[in-house]
Amino acid sequence: MGAGKSVKSLQIAQEQQAVLLSEDEWLAALYPDKISSFEDYLKFSEQIKPLVKSHVQNILSTGTNVVMDFPANTVRQREWFKALFGEINAPHELIYLNTSEEVCLRQIAKRRIEQPERAAFDTAEVFHHVTSFFQEPTGDEGFNIRQILRK
């Protein structure tokens, strides 16, 4: 949370003229006013994964690049991504935004002001809860990793 995934995803999609898919946008459109806790997020995020996977694989199969603004904070989340591109043998890049806690919390505070509808979820408490599960990606997971350091 607050690492800058959405901003970086948009930038990369524009640079590569790729299709941008945002988990936040999908969840907001499909489940308006239903996500008020981390548990809600996990539930609904899991529900959209089969549809997103199929959709992304169809797009990739046409030769079109896709930028996914989705979290890959844990090995389990990254396994889903690996299946997504691996099943169709599509090239990939995992971009890891290595961002300090201070920067993330500052971004979250700013986002609460700019997007008051997210204020209940975008809190320091939720950030610390989410961050407690974070597992840094490693080369042995089978990804082409590009790390961007943001302190």
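Residues PHE70, PHE121, ranked from the fewest to the most other C-beta atoms within 10 Å, line up as PHE121, PHE70. Counting alpha carbon pairs within less than 8 Å and at least 6 residues apart, what relative contact order, in whole percent, applies to the chain? Value for the chain: 32 percent.
Shape summary: region 1-93 maps onto an equivalent ellipsoid whose semi-axes, from the alpha-carbon gyration tensor, are 22, 16, 13 Å in decreasing order. Report summary: the helix-based calculation at 222 nm, which adds -39500 (n - 2.57) for every DSSP H run with n ≥ 4 and divides by the residues of the chain, gives -16500 deg cm²/dmol. Each of ILE35, THR62, ILE88 was placed along the dipole of the chain (beta-carbon charges, centred on the mean Cα), and the one lying farthest toward the positive end is THR62.
Rounded to the nearest 20 debye, the dipole magnitude of the chain is 220 debye, with +1 charges on Lys and Arg beta carbons, -1 on Asp and Glu beta carbons, and the Cα centre as origin. A Cβ-based charge dipole, computed about the Cα centre of region 18-63 with Lys and Arg at +1 and Asp and Glu at -1, lands at about 240 debye.
Here, each number is a calculation from the coordinates, and none is a lab measurement. Here the structure is a predicted model, which means the values were calculated and not measured. Note: ideal-geometry Cβ built from the backbone for every residue, glycine included; neighbour counts use all protein chains shown.
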